[in-house]
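Colleague: Input: one structure, supplied below.
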Amino acid sequence: MRTTRLHLSAGFVLTAFALTACGPRDDTGAAVDSPAAATTPTTTTPSSAVTSIDIGKSIGTDKRVTDATTMFSPRDTMYVSVTTQNAPANAMLTAKLTFQDGQVVDSLSQAVAAATATGGPTITEFHLARPSGWPAGRYTVEVMLNGQSVGTREITVNQ
């Protein structure tokens with residue numbers, strides 16, 4: 001009789017284990033506690049992102065670059081047009097210009113404009129000019145959103 005109880009107990013334990021092991025799993029293969037947990041939707045908020053960084057010699061009324069280039073003359077104004085999507089109203093964009101020797105030549109910051117009523121992209125424009133002219137060489141423009149680098153562009157100033 002004792003052996004029968006032991007076999008029955010072992011059978012119940014093995015059955016419970018098998019049912020648990022064969023239960024629902026998520027995309028990673030981990031067991032899900034219940035079928036309801038596997039189908040419960042989660043809400044996410046869209047993340048803010050810089051979708052483009054454009055460099056050029058002129059911009060339009062919409063703040064987008066109209067004459068895209070990475071080659072400049074010493075007296076040119078350099079325009080940096082940054083497109084963001086879902087950026088919070090208090091987000092800060094920074095454009096930092098660094099010469100080939102690592103010296104920071106200029107750094108400009110401004111708040112991202114409020115999103116449009118349709119939820120479309122927001123364009124922020126920076127312009128870099130130097131009345132005495134840019135020294136010839138290679139430069140890097142780094143764009144940061146709230147202090148985090150989101151991209152760089154290489155430009156060249158020719159004589």
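The values are calculated or read from the model by the stated rules, or taken from the named source; none is laboratory data. Predicted model, so just to flag it, every value in this text is computed and none were measured. FYI the Cβ positions are ideal-geometry reconstructions off the backbone, even for glycines, and counts take in every protein chain you see.
Colleague: For segment 107-127, which residues satisfy the criterion of being part of a strand (DSSP E or B), buried (at least 16 other Cβ atoms within 10 Å of the Cβ), modelled with pLDDT under 95 and not polar (S, T, N, Q)?
Modeller: 123
Colleague: Please go through segment 60-106 and give me each residue that is basic (Lys, Arg) and not in a strand (DSSP E or B), ordered by number.
Modeller: 63, 64, 75
Colleague: So, in segment 53-99, exactly how many residues are surrounded by 16 or more Cβ atoms within 10 Å (Cβ to Cβ), modelled with pLDDT under 95 and among the small types (Gly, Ala, Ser)?
Modeller: Matching residues across segment 53-99 total 2.
Colleague: Scan 138, 153 and give me the residue that is assigned to a strand (DSSP E or B) and under 21 Å from residue 64 (Cα atoms).
Modeller: Answer to the selection: 153.
Colleague: Could you look through segment 128-159, keep only residues that are farther than 14 Å from residue 52 by Cβ, crowded, with 18+ Cβ neighbours inside 10 Å and β-branched (Val, Ile, Thr), and pick out the one that is nearest to the chain's Cα centre (by Cα)?
Modeller: Across segment 128-159, the extreme among qualifying residues is 155.
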